[in-house]
Amino acid sequence: MKKNFFSIFLFLFLLIPAVLEAEAVHLKKAVFIPQWSPQAQFAGYYVAYEKGLYKKYGLDLTIVPGGPARSPLDYLTWKKADFGSLWLCSALQKRAEGLNLVNIAQVMQKSALMLVAKKGSGIKTIQDLNGKKVGLWRDEFQIQPRALFKKYNVKVKVIPQSFSVNLFLRGGVELASAMWYNEYHTLLNSGLNPEELTPIFFFEHGLNFPEDGIYCLEETLKKDPDRAQAFVRASLEGWLYAFSHTEETLDIIIKFMTLARVPANRVHQHWMLDRMKDLIVNSHNKDSLGRLKEADYQRVAGELKKIGLIKEIPQFKFFYYDRINHAQK
Amino acid sequence: MLRNKSLTFKLILFFSTSSILIFSIVLAYSYRYSREIIQTDQEKDARNLALMKVMRIETVLNAVQKVTQSLADHLGNSSCSKEELLTMIRTFLEHNPEIYGSTVAFEPFAYDKKTLYFAPYFHRKGREIEFADLAKESYSYLLWDWYQIPKELLVPQWSEPYYDEGGGNILMTTYSVPIYGKVGGQKRFRGIVTADISLEGLQEIVSSIKILKTGYGFLISKNGTLVTHPSQELIMNETLFGVAEARGDTRLREIARKMIKGESGSIPFWDLVSTKNCWMTYTPIPSTGWSLAILFPMDELMADINRLYRTMIIMAVIGLTLLSVAVIFISGTITRPLRAMAKATGDIANGNLDSALPPVKSRDEVGKMAEGFMIMQKSLKEYIQKLTETTAAKERMESELSIAHEIQMSILPKNFPPFSDRPEFDLYAVIEPAREVGGDFYDFFQIDPTHLCFVMADVSGKGVPASLFMAVTKTLIKATAKTGITPAEILTRVNNELASENEAIMFVTIFCGILNTGTGEILYANAGHNPPLLINKEGKVAYLQKSGGLVLGVMEGISYQVESLSLEAGESLFMYTDGVTEAMNIQKELFSAERLQKELSMLAQRPIQEMVSILMQRIKDFSGEALKSDDITMMVLQYKGKETSD
């Protein structure tokens, strides 16, 4: 009974100034679609937009907020958008299925997907999961949990999980799926203290599936590689700006959320932005910003092949367009 | 420092500080106590109010629970056709106007073996009741909280509040009851019956809470989400935990945790928006696990008592001021006569005994003191009067004494040389009385043309009695000395006269001699007097032999021995009283007989008048500042012989 409605005004707001200025400086038009409605998960794009970074890189960008009614995959397939934010494993599957998607930037370096249990239900290690009811989301949200259970050889009872964490809060399941930047904080802000929870991060169990990346169709890239590069550079710059200007970024995010008539909770967005930084910035390797490591790719692809979601692993060099390597060439 | 301040200052200081202290203690205590009473009362009221509100909410919820439960029970026990079921739901809505919408949702194939999903939903739209099918692919009701949670927990559930987007954004909550069917005697879960209710009613119950001016109530859901609050922007947007996080307020988080755990309590709190100090009472709503909180601002709660105590403090200040004025007045009544008294006594001290004492009417300590001063002044006046009289008397006496002295002196021969017609001897005497009237005397007179009687005496005691005794003695000697009588006989007779009627037991030492002016022979008798010194022609000075004669006037019938010596021409006899030898200096040393002898030796060749004068000067020099203790009398008799007269 909960749906997201996006105001037409948002489109107008996004389009009108962009159109006006495009005429002035001959900007290249581009459309970007994130997976979901505005929130700190996409802070980098909205900040880059708001701070004029796309224009700086010669783009007249339109952001079309994603959501249940607008999937980036569909928008990319039907060329209603030039660039889209997708999960690595979703894009990989599509590529394997024959849609020529190219990763032009791997934004998140780690999986934010996690499992969480209440210590009160006796779950302190993965071994304690045996025989427990586990709330799992659908499709690709199940790949890592199932791989984990298999890896540690635990038998669980899977309960389909909706978008709320209430089933877990009320005790309907002992283990729930959560995004670190979203549901985990919802749990904290429903009165559970961190010390009362057992979080299970997949990147701590050799199952790191980097999530959000920027994708476009191969033909889009080939037609204008500069445009794709410009979009990636502006977006990454937007992310870095967002991380170093927390309050300003939150103001921007909340502005877009309000425009999209999405309930905006600053504390929650703050948490989300902080987690984004954890997920995107590798403090040990600054060069890794926005890059897809082949090891990560092979891990995700290997798991997908293992469970039969793909038959062949697409070649990494065709799947990933490393802008830095290409720039050097 | 304080001791130098005036009495008024000290009194004000003392009374003010002690009054302020007492006031402060009493006010502070009663203020604190009153606050506690008010707070306790208010807490009780708030708790009762909260319980009452919770009961009202519960009544609404219970009614819904009951009808929904009975529908679920009915559905579990009977199978019905699709039409019958739809009618049943519609009727359910029609009969329960508080219920906004209702569905009966079944597990896959639980309604019948052919139907995968079955979830007919009726809800109000305006006055109409509309039908909707939730079993559409896009809705997948099996995943929703209202279905999933009671299914997994197998107990009826109230959902978290949510906005119904279809029905005009009304805040709703859904009560879901599991339907159990019996399959082969076993209870089996078949689906869920729901009843959606609008939270408007509950919101009204809560928002009608008004305590004092701005006190209010708010409701939070099981997840801590604010369901009602005077600040609209918090409703459904924030959980109490979110507010706590935004503020970094761990205490608020702890309180919120207690609230969602179904605890109740009363705690000091602060408004979520204004952060004003409040008191909060919270009570759980048992059926939903939600929590109702009632806040009342402390400043408003304490407004009356604060006003009262402000007034009391002002009154205390005024009281203290009045007290100070009173102290100034009272201390004035005490210190004014004291000051007047101080001035008057100052005048008295300066000698003005008639200075008027301030009139004092009171009979207190000051009055008594003034009375004392009055008596003192009177006594002082009397005393000084007496003193004046006494002084006058003394002065009169002194003048009389001086007259007596003159008389005494006048009875001593003072013309020197005394016998200008007698060249064969010379005589010189001097007397220096210690007091106005002394007891020493000397005398000389001719008994017949060839005999000169001379006397050197010292009466015991001083002053008038001694001088009178002296006069008597002198007269007696002069009367007794006749031709042919020896000095011893003179003394014997005079002694008898004196001793016979000497009740005062006075006595006198006398050296008495008779010079034969023709021969230079001297007959003499000594009645206890200092031995005279003989100065011969060569200037040698020697004491006469001591004779054992008793003093005169003590005992009758004593006879004295006559002795004799012979003066060559140019030889002298030096007589004196003990005032000479016993003259004392400030070191209490005596002039002494030795010194006298020595001094005389040095003066031997001088004329006798000069000798005596110089000697007198020596004695005075010796005594210096020391008080003269005795009369000093000296007499020198020089024999010049017949030859010179020829």
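Specify which of the listed residues (A:LYS277, A:LYS255, A:LYS223, A:LYS286) is surrounded by fewer than 20 Cβ atoms within 10 Å (Cβ to Cβ), at pLDDT 90 or above and more than 24 Å from A:SER37 (Cβ to Cβ). Explain how you work it out, then say what you get.
Working: A:LYS277 fails: more than 24 Å from A:SER37 (Cβ to Cβ); A:LYS255 fails: more than 24 Å from A:SER37 (Cβ to Cβ); A:LYS286 fails: at pLDDT 90 or above.
Sole residue among the options that is surrounded by fewer than 20 Cβ atoms within 10 Å (Cβ to Cβ), at pLDDT 90 or above and more than 24 Å from A:SER37 (Cβ to Cβ): A:LYS223.
Which one is farthest from the other protein chains (Cβ to nearest Cβ), of the residues in segment B:223-235 that are touching a helix residue (DSSP H, G or I) at 6+ places or on another chain (Cβ under 6 Å) and under 17 Å from A:GLY191 (Cα atoms)?
Here the residue is B:LEU226.
Quick check: is even one residue across segment A:104-117 touching a residue at least 60 places away in the same chain (Cβ under 8 Å), among the β-branched types (Val, Ile, Thr) and either farther than 25 Å from A:PRO72 by Cβ or within 14 Å of chain B (Cβ to nearest Cβ) (or both)? Let's see the steps before the verdict.
Filtering segment A:104-117 down to residues touching a residue at least 60 places away in the same chain (Cβ under 8 Å) leaves A:104-117.
Checking the rest, the ones that are also among the β-branched types (Val, Ile, Thr) come to A:104, A:107, A:116.
Subsequent filtering for residues that are either farther than 25 Å from A:PRO72 by Cβ or within 14 Å of chain B (Cβ to nearest Cβ) (or both) retains A:116.
Among the residues of segment A:104-117, at least one is touching a residue at least 60 places away in the same chain (Cβ under 8 Å), among the β-branched types (Val, Ile, Thr) and either farther than 25 Å from A:PRO72 by Cβ or within 14 Å of chain B (Cβ to nearest Cβ) (or both), which makes the answer yes.
Which one of the conditions (1) in contact with a Gly (Cβ under 7 Å, 6 or more places away or on another chain); (2) within 11 Å of chain A (Cβ to nearest Cβ); (3) assigned to a helix (DSSP H, G or I) does B:GLY76 fail to meet, given that it meets all the rest?
Of the numbered conditions (1) in contact with a Gly (Cβ under 7 Å, 6 or more places away or on another chain); (2) within 11 Å of chain A (Cβ to nearest Cβ); (3) assigned to a helix (DSSP H, G or I), the odd one out for B:GLY76 is (2).
Any idea which of B:GLU571, B:GLU556 is assigned by TED's automatic domain parsing to the domain that holds B:ALA434 and touching a strand residue (DSSP E or B) at 6+ places or on another chain (Cβ under 9 Å)? Show your work before the answer.
On the way: B:GLU556 fails: touching a strand residue (DSSP E or B) at 6+ places or on another chain (Cβ under 9 Å).
Answer to the selection: B:GLU571.
Considering only helices (runs of 4 or more DSSP H) fully contained in segment B:530-646, which possess at least 3 residues that are surrounded by 14 or more Cβ atoms within 10 Å (Cβ to Cβ) and on the phi < 0 side of the Ramachandran plot? Full working, then the answer.
Numbers: elements: B:578-581, B:593-603, B:608-623, B:642-645.
Because the criterion is at least 3 residues that are surrounded by 14 or more Cβ atoms within 10 Å (Cβ to Cβ) and on the phi < 0 side of the Ramachandran plot, the helices (runs of 4 or more DSSP H) in segment B:530-646 that meet it are B:578-581, B:593-603, B:608-623.
Could you please let me know if B:GLU263 is more than 14 Å from chain A (Cβ to nearest Cβ) and out of contact with any strand residue (DSSP E or B) (no Cβ under 6 Å at 6 or more places or on another chain)?
No: the conditions fail for B:GLU263.
Which residues, taken from segment A:151-162, are loosely packed, with under 13 Cβ neighbours inside 10 Å and within 14 Å of chain B (Cβ to nearest Cβ)?
Once the filter is applied, which keeps residues that are loosely packed, with under 13 Cβ neighbours inside 10 Å and within 14 Å of chain B (Cβ to nearest Cβ), segment A:151-162 yields only A:LYS157.
If I ask for residues that are surrounded by fewer than 24 Cβ atoms within 10 Å (Cβ to Cβ) and modelled with pLDDT under 85, which ones from segment B:426-451 would you list?
B:GLU432, B:PRO433, B:ALA434, B:ARG435, B:GLU436 - these are the residues of segment B:426-451 that are surrounded by fewer than 24 Cβ atoms within 10 Å (Cβ to Cβ) and modelled with pLDDT under 85.
Which condition from (1) closer than 30 Å to B:LYS5 by Cβ; (2) in contact with a Ser or Thr (Cβ under 8 Å, 6 or more places away or on another chain); (3) at pLDDT 85 or above is the one that B:ALA326 breaks?
B:ALA326 satisfies every listed condition except (2).
Only residues that are modelled with pLDDT under 90, of a type in the set (A, V, I, L, M) and either crowded, with 22+ Cβ neighbours inside 10 Å or within 24 Å of B:ARG257 (Cβ to Cβ) (or both): list them for segment B:206-225, please.
B:VAL206, B:ILE209
Rundown of residues vs (1) in the same structural domain as B:ASP631 (by TED's automatic domain parsing); (2) assigned to a loop (DSSP other than H, G, I, E, B); (3) surrounded by fewer than 21 Cβ atoms within 10 Å (Cβ to Cβ), yes/no style:
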| site | (1), (2), (3) |
| --- | --- |
| B:CYS453 | yes, no, no |
| B:ASP458 | yes, no, no |
| B:ALA479 | yes, no, yes |
| B:ILE490 | yes, no, no |
| B:ILE505 | yes, yes, yes |
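Any residue at all in segment B:42-64 that's of a type in the set (Ser, Thr, Tyr), modelled with pLDDT of 90 or more and farther than 30 Å from B:MET312 by Cα?
Of all residues in segment B:42-64, those of a type in the set (Ser, Thr, Tyr) come to B:59.
Narrowing the set further to residues that are modelled with pLDDT of 90 or more leaves B:59.
So of that shortlist, the ones also farther than 30 Å from B:MET312 by Cα come out as B:59.
Yes, because at least one residue in segment B:42-64 is of a type in the set (Ser, Thr, Tyr), modelled with pLDDT of 90 or more and farther than 30 Å from B:MET312 by Cα.
Given the residues A:LEU167, A:LEU129, A:LEU175, A:LEU148, which is the only one that is within 10 Å of another protein chain (Cβ to nearest Cβ) and either touching a residue at least 12 places away in the same chain (Cβ under 8 Å) or out of contact with any strand residue (DSSP E or B) (no Cβ under 6 Å at 6 or more places or on another chain) (or both)? Write out each step before concluding.
Details: A:LEU129 fails: within 10 Å of another protein chain (Cβ to nearest Cβ); A:LEU175 fails: within 10 Å of another protein chain (Cβ to nearest Cβ); A:LEU148 fails: within 10 Å of another protein chain (Cβ to nearest Cβ).
Answer to the selection: A:LEU167.
Name the helices (runs of 4 or more DSSP H) wholly inside segment A:43-109 in which the number of residues that are under 28 Å from A:PRO314 (Cβ atoms) is 1 or more.
On the way: elements: A:43-50, A:53-56, A:72-77, A:88-97.
So the answer is A:43-50, A:72-77, A:88-97.
Only one of (1) under 30 Å from A:GLN161 (Cα atoms); (2) in the same structural domain as B:SER176 (by TED's automatic domain parsing) fails for B:ILE129. Which number is that?
(1)
For the condition out of contact with any Leu (no Cβ under 8 Å at 6 or more places or on another chain), in a helix (DSSP H, G or I) and surrounded by 12 or more Cβ atoms within 10 Å (Cβ to Cβ), what is the one hit in B:PRO358, B:PRO337? Working first, answer last.
Working: B:PRO358 fails: in a helix (DSSP H, G or I).
Checking each option against the conditions leaves just B:PRO337.
What are the residues in segment A:167-185 that are surrounded by fewer than 23 Cβ atoms within 10 Å (Cβ to Cβ) and either in the same structural domain as A:LEU273 (by TED's automatic domain parsing) or over 22 Å from the mean Cα position of the chain (by Cα) (or both), if any?
The answer is A:LEU169, A:ARG170, A:GLY171, A:GLY172, A:GLU174.
Look at A:LYS124 and say whether it is part of a helix (DSSP H, G or I), surrounded by fewer than 17 Cβ atoms within 10 Å (Cβ to Cβ) and either away from chain B (no Cβ under 14 Å) or in contact with a strand residue (DSSP E or B) (Cβ under 7 Å, 6 or more places away or on another chain) (or both).
Values: part of a helix (DSSP H, G or I): no; surrounded by fewer than 17 Cβ atoms within 10 Å (Cβ to Cβ): yes; either away from chain B (no Cβ under 14 Å) or in contact with a strand residue (DSSP E or B) (Cβ under 7 Å, 6 or more places away or on another chain) (or both): yes.
No, not satisfied.
Can we say B:ASN495 is touching a residue at least 12 places away in the same chain (Cβ under 8 Å) and part of a loop (DSSP other than H, G, I, E, B)?
On the way: touching a residue at least 12 places away in the same chain (Cβ under 8 Å): yes; part of a loop (DSSP other than H, G, I, E, B): no.
The answer is no for B:ASN495.
Kindly establish whether B:SER159 is of a type in the set (S, T, N, Q), surrounded by fewer than 21 Cβ atoms within 10 Å (Cβ to Cβ) and over 60 Å from the mean Cα position of the chain (by Cα). First the steps, then the outcome.
Values: of a type in the set (S, T, N, Q): yes; surrounded by fewer than 21 Cβ atoms within 10 Å (Cβ to Cβ): no; over 60 Å from the mean Cα position of the chain (by Cα): yes.
Answer is no for this residue.
Take A:GLU211 and decide whether it is away from chain B (no Cβ under 14 Å), surrounded by fewer than 22 Cβ atoms within 10 Å (Cβ to Cβ) and closer than 25 Å to A:LYS277 by Cα.
Details: away from chain B (no Cβ under 14 Å): yes; surrounded by fewer than 22 Cβ atoms within 10 Å (Cβ to Cβ): no; closer than 25 Å to A:LYS277 by Cα: yes.
Taking the combined requirement at face value, the residue does not satisfy it.
For the structure I just gave you, tell me whether B:LYS261 is under 56 Å from the mean Cα position of the chain (by Cα) and surrounded by fewer than 17 Cβ atoms within 10 Å (Cβ to Cβ). Quick ask: steps written out before the conclusion?
Numbers: under 56 Å from the mean Cα position of the chain (by Cα): no; surrounded by fewer than 17 Cβ atoms within 10 Å (Cβ to Cβ): yes.
Here the answer is no, as B:LYS261 does not meet what is asked.
Right, A:VAL267: among the β-branched types (Val, Ile, Thr) and either exposed (fewer than 12 other Cβ atoms within 10 Å of the Cβ) or in a helix (DSSP H, G or I) (or both) or not? First the steps, then the outcome.
Numbers: among the β-branched types (Val, Ile, Thr): yes; either exposed (fewer than 12 other Cβ atoms within 10 Å of the Cβ) or in a helix (DSSP H, G or I) (or both): yes.
Against the criterion (among the β-branched types (Val, Ile, Thr) and either exposed (fewer than 12 other Cβ atoms within 10 Å of the Cβ) or in a helix (DSSP H, G or I) (or both)), A:VAL267 qualifies.
Output yes when any residue across segment B:418-425 is more than 60 Å from the chain's Cα centre (by Cα), of a type outside the set (S, T, N, Q) and in a strand (DSSP E or B), and no when none is. Reasoning before the result, please.
In the first step, residues of segment B:418-425 are kept if they are more than 60 Å from the chain's Cα centre (by Cα); the result is B:418-425.
Checking which are of a type outside the set (S, T, N, Q) leaves us with B:418-419, B:421-425.
Filter once more, so that each one left must be in a strand (DSSP E or B): B:425.
Yes, segment B:418-425 contains at least one residue that is more than 60 Å from the chain's Cα centre (by Cα), of a type outside the set (S, T, N, Q) and in a strand (DSSP E or B).
Output the qualifying pairs, or none if there are none: Cβ atoms under 9 angstrom, residues six or more apart or on different chains, first residue in segment B:29-58 and free of Cβ contacts under 8 Å to residues at least 40 places away in the same chain, second residue part of a helix (DSSP H, G or I).
Going by the 9 Å Cβ cut-off, the qualifying pairs are B:SER30/B:TYR309; B:SER30/B:MET312.
Quick check, is A:VAL102 buried (at least 20 other Cβ atoms within 10 Å of the Cβ), among the β-branched types (Val, Ile, Thr) and touching a Cys at 6+ places or on another chain (Cβ under 9 Å)? Spell out how you get there, then give the answer.
On the way: buried (at least 20 other Cβ atoms within 10 Å of the Cβ): yes; among the β-branched types (Val, Ile, Thr): yes; touching a Cys at 6+ places or on another chain (Cβ under 9 Å): yes.
Considered against the rule, which asks whether it is buried (at least 20 other Cβ atoms within 10 Å of the Cβ), among the β-branched types (Val, Ile, Thr) and touching a Cys at 6+ places or on another chain (Cβ under 9 Å), A:VAL102 comes out as yes.
The values are calculated or read from the model by the stated rules, or taken from the named source; none is laboratory data. Model, not experiment: these values are computed from the prediction. Cβ: placed from backbone, ideal geometry, glycine included. Neighbour counts: every protein chain shown.
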